Amino acid sequence: MNRIFGRGKPKAPPPNLSDCIGNVDARAESIDKKIARLDAELVKYKDQMKKMRDGPSKNMVKQKAMRVLKQKRMYEGQREQLAQQSFNMEQANYTIQTLKDTKTTVDAMKIGAKEMKRAYKDVKLDQIDDLQDQLEDMMEDANEVQEALSRSYGTPEIDEDDLEAELDALGDELLLDDDSSYLDEASAAPSIPEGMPSDSKTNKDGVLVDEFGLPQIPAT
């Protein structure tokens, strides 16, 4: 059948805004190149006119420059139109893409909402409350077990007043241990007499005493 009637031509893909924007921008770039070439010609003609005297030759060059300037103005108008077309298509393309993204976001949110509902069906609040109560009871039981294991055995009961009195006395003993006043008393003791003791010494009552401070026995 294909040999008799031939194959149909494949359908061309429908145009999209991105391709259209690219084509318009390419045309605008081509026009920019033409305008640049015309600007170079205008500069050349202007330099020639500066060096020429008034007369038919200068007028001829002036006419050429005017013709080039008209072409430049025409290309500039076309460039402005293409730039506006490209801008309008870009705005439309942006709006379309935004709508597509919004639809995708909404679809994803719907799927997420369905999944959340399905997940909540498996969650029972009563079971969670019961589980929390069971955990709390287990923690209390564990604390009671720890208290029972840490209980002391055979420890005599001691009066707190006796402990406080012992603590105060212990503080006084520590203060006495730190007292260094005995060193001051030792430094204030009378010094050892220097030299040999004298045989003729009297005490405060006028009685003769020996070197040890004892009363001497009179010789018979």
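To keep it simple, each residue is scored yes or no on (1) within 30 Å of CYS20 (Cβ to Cβ); (2) modelled with pLDDT of 90 or more; (3) part of a helix (DSSP H, G or I); (4) polar (S, T, N, Q).
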{"site": "TYR94", "(1), (2), (3), (4)": "yes, yes, yes, no"}
{"site": "MET116", "(1), (2), (3), (4)": "no, no, yes, no"}
{"site": "TYR120", "(1), (2), (3), (4)": "no, no, yes, no"}
{"site": "THR155", "(1), (2), (3), (4)": "no, no, no, yes"}
{"site": "GLU164", "(1), (2), (3), (4)": "no, no, yes, no"}
{"site": "ASP168", "(1), (2), (3), (4)": "no, no, yes, no"}
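Given the conditions (1) more than 30 Å from LYS34 (Cα to Cα); (2) open to solvent by less than 100 Å² (accessible area, probe 1.4 Å), which single one is not true for LYS114?
Here LYS114 meets the rest and fails (2).
If you take the residues of the stretch 47-61 that are open to solvent by 100 Å² or more (accessible area, probe 1.4 Å) and of a type outside the set (Asp, Glu), which of them is farthest from ASN23 (Cα to Cα)?
Among them, the one singled out is ARG53.
Give GLN97, GLN81 a once-over and let me know the one that is surrounded by 12 or more Cβ atoms within 10 Å (Cβ to Cβ) and more than 30 Å from ALA36 (Cβ to Cβ).
GLN97
Condition first: more than 14 Å from ARG79 (Cα to Cα) and exposed (fewer than 15 other Cβ atoms within 10 Å of the Cβ). Now tell me which residues in the stretch 18-30 satisfy that.
Of everything in the stretch 18-30, those that are more than 14 Å from ARG79 (Cα to Cα) and exposed (fewer than 15 other Cβ atoms within 10 Å of the Cβ) turn out to be SER18, ASP19, GLY22.
The values are calculated or read from the model by the stated rules, or taken from the named source; none is laboratory data. Keep in mind the model is a prediction, meaning the values are calculated, not measured. Note: ideal-geometry Cβ built from the backbone for every residue, glycine included; neighbour counts use all protein chains shown. Ligands, DNA and RNA are excluded from the accessible area calculation, which covers all protein heavy atoms including side chains. Shrake-Rupley method; radii C 1.70, N 1.55, O 1.52, S 1.80 Å.
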